[in-house]
Structure formats: C-alpha cells, structure tokens
1. Considering only residues of the range 213-251 that are in a helix (DSSP H, G or I) and surrounded by fewer than 18 Cβ atoms within 10 Å (Cβ to Cβ), which is farthest from the ligand (Cβ to nearest atom)?
2. Restricting attention to the range 289-310, does a residue exist that is in a helix (DSSP H, G or I) and free of Cβ contacts under 8 Å to residues at least 40 places away in the same chain?
3. Of everything in the range 32-66, what is closer than 22 Å to Thr126 by Cα and out of contact with any Leu (no Cβ under 6 Å at 6 or more places or on another chain)? Give them in sequence order.
4. Could we say that Glu52 is more than 12 Å from the ligand (Cβ to nearest atom) and without any contact (Cβ under 8 Å) to a residue 12 or more places away in the chain here?
5. In the range 22-42, what count of residues is obtained for those that are without any contact (Cβ under 8 Å) to a residue 60 or more places away in the chain, part of a helix (DSSP H, G or I) and surrounded by fewer than 24 Cβ atoms within 10 Å (Cβ to Cβ)?
6. Just for the range 169-183: of the residues that are among the small types (Gly, Ala, Ser) and under 16 Å from Asp111 (Cβ atoms), which one is nearest to the ligand (Cβ to nearest atom)?
7. Looking at (1) more than 9 Å from the ligand (Cβ to nearest atom); (2) crowded, with 23+ Cβ neighbours inside 10 Å, which is the only condition Ile72 fails?
8. Among the numbered criteria (1) in a helix (DSSP H, G or I); (2) more than 11 Å from the ligand (Cβ to nearest atom); (3) over 19 Å from the mean Cα position of the chain (by Cα), which single criterion is violated by Asn144?
Amino acid sequence: MGHMEMNVLQRIFKGKRVLVTGDTGFKGSWLSLWLHELGADVCGFALPPEKEDSHFSLLKLGSVVRHVDGDIRDLKQVQAMVDGFKPEVMFHLAAQAIVRVSYQEPKRTFDTNVGGSVNVLEAVRTSNSLKAVVYITSDKCYRNNEWVWGYRENDVLGGHDPYSASKAAAEMVFAAYQDSFLASKKDFGMASARAGNVIGGGDWAQDRIIPDCIRSLKEGIPVVVRNPLSTRPWQHVLEPLSGYLTLAAKLLEDPKKYSGSYNFGPKVQSIKTVKQLVDQSIAAWGHGKCEVAVQANAPHESGLLHLNCDKANQLLSWYPLWDFDRTILETMKWYKQVLAGQSAMAITKGQINGYMESA
Ligand SMILES: NC(=O)c1ccc[n+]([C@@H]2O[C@H](COP(=O)([O-])OP(=O)(O)OC[C@H]3O[C@@H](n4cnc5c(N)ncnc54)[C@H](O)[C@@H]3O)[C@@H](O)[C@H]2O)c1
C-alpha cells in the first residue's frame, strides 16, 4: 500500500510510551484508541471532556488508556506530566480548536494555542525520553490568499481570525524551538502537521458543520447553513491521523531527515462547498432538509482554502484512502448506529480496522 503497512505501524508502536495531549477531544480520542489498538502504552493529558456524550466518554477511554486531567497553560503541570510518564513519542493536539469561539475568547485561544504550545515545547526541550514529537497546527496557519492553488509548506503564514492567527503563531513558536534548541538534540525529531477540516463520528462540538447537522436531523428540523458556498478540503478524521502516525514512525526511523512541516489534506475531488457536504450528509442519513441562512454581519470565515500534499506523498508515501462519498457514509453511519444505541467502542474500532484494510 501507499500507506505505511499497518503491521509496520504495529511493530513500531507496540510497547512505545506515547503521550497524546488533547485526548479528550475529537481527534485525540480517535488517535488514542488507534494507538492503543497498535499496542502502544498511551497516556493522555487534557482538560476533562466537556460533555457526557463526548467521544472520549462514549468510548470510556479513560479506562482503556491512561488519562491525566491537566491544563497546558500551566508549565508545571506539563513538565510534571512529561517528566513523570517519560514518553518516547508525543502527539500535541490540545488546543482551543473552534474559530467562532476564538472571536468570543481570543485570550483563552492565544493562551492555549500559543502559550500552551510553548509550555509543551519547554517540556520537550528538557525531556531526555522523547524521540519524536508530532505537533498539530492547522491548514488555517497559512495566510489565506483566497486563490485556487493548494498551500505548500513553505508558503507565508498568517491568520485573520484569532484561531488562525494562533495556529500561525504556534507554527512560528515551533520553528523557533526547532531552530534554536531541538534541531541539534541527539536522536530526536520533530514535525508540525497541518490538516484541513476533519469530519467523522464522535464530534459534538458547537459550530461545526457535521455536529450541527446531526443535532438538527435528530430533532427533525432543517439543517441551517451559514456559509453555503465556502469550500473546504473535507476529510475523514482517520486520514490526518494516519498521516500523524506515519510521520511519527518516520521520525523514529530517521529523526533529522523527516523533521519539518507537513500538510495532510484530501484529494482535490473532496474539496466541496458546505452546502454540498450538508446535502450529501442528509442523503446518507435518509431524510431531512437544508436551509440556507446567510447572516449579514457574521464573523469573517475564510473562503477557498486547500492544501498541496506533495511533500507527504513524496517523503512519507502518505495518501488519503477514503473519497468524499465514503467519508460521508462512514461518518453518518457512526452517528446513526450510536444514536440507535450501538456501542461507540465497537463502531469506532470497526471504522479504524476498516480504514486500515483500505490501505
Ligand atoms: N477538527 C478539525 O477540523 C481540525 C482541523 C485542523 C486542525 N485541527 C487541530 O487538531 C487538534 C485537535 O482538534 P479537535 O477537533 O480534536 O479539537 P477538540 O476541541 O475536539 O479537542 C481539543 C482538545 O484540547 C484540549 N484542551 C483545550 N484546552 C486545553 C488546555 N488549556 N489544557 C489542556 N487541554 C486542553 C481539550 O480538553 C480537548 O481534549 C487541535 O490542535 C486543532 O486545532 C482540528
């Protein structure tokens, strides 16, 4: 397969001590379970899950992998976590991850995404156990020129809204720590990962399109779309996660060669408008209606944005595996089955295995 063989990943991660910041979140919960399935010794560090129906809670992940409640804004806590657990690999995902929330709480967004990331890198700098770090930012770290070309890893950083600016700043912090301290650290590699909008089961966040869709469909009311014509590079949550895993594996293999920044996005065929995504999700659900309600003074959200993934293709042999149709189908299937009372653990595991079999 183009992707790293799953038995190779198993061989690499089996028994490895892996720290995941943000394991109570949407992507972190999928990643922690996947790592556990690969045989890793996983420990998560994050604020407690916000909702009872969070993916982390539905999976009862706290009893499957180790989890420590903690705040990345507090250096002492981060340092104690890293010094105590002595991870060999770390995935840093903890963040205030919602654009709209960043308009309401810009300070918390910067404190978490920039200050928190500084704390994480301070702990990395002084750790003598870590061999590989994958540092998650976003496709929104690029200055958005609203052009048709995909962004490349060496394009200019920037951000209009506080969330995007915080992720661009987190990238600058990453580069400064890399250049000033970590590039010369022996047997150690570090990479930043920039992925686009992910969808998949288990996301219940406010102001994200699929969770908004599910809430409306469940109640039998129309799905209201604010920005129907915005295009996004939609991808299933397992796609960037497979990129992060592959990247960590490569960093362990040859830390200096693979250190740097990588985009993980879908094929251009998956660049669709919000309206197309909603219409197709409703079709997969079986019934429902979509209503367009453009707000006159809605906060600015970026329009056209997609990633050029040549670097991940060439250096990591990473390619997306699920097309737009499969991505939507798997996502809606997850919600339908869980809402019908099936075990989230069984469904999530089934989708991880299904994804690995697609490789
Ligand atoms: N979901 C997407 O479409 C998307 C797209 C691009 C990048 N990302 C990035 O991927 C990462 C994960 O996103 P997600 O969708 O899972 O977000 P999420 O909101 O579901 O989860 C965020 C996680 O960070 C933790 N967190 C927040 N503030 C914290 C703090 N002060 N201390 C410790 N933990 C804290 C939360 O507890 C949670 O575990 C984030 O860095 C996000 O910016 C997400």
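1. Glu219
2. no
3. Asp41, Gly44, Phe45, Ala46
4. yes
5. 1
6. Ranking the candidates gives Ala170 first.
7. Among (1) more than 9 Å from the ligand (Cβ to nearest atom); (2) crowded, with 23+ Cβ neighbours inside 10 Å, Ile72 violates only (1).
8. Result: Asn144 passes all but (1).
The values are calculated or read from the model by the stated rules, or taken from the named source; none is laboratory data. Worth saying up front: this structure is predicted, and the values here are computed from it rather than measured. Neighbour counts are summed over all protein chains in view; Cβ atoms, including those assigned to glycine, are modelled from backbone coordinates with ideal geometry.
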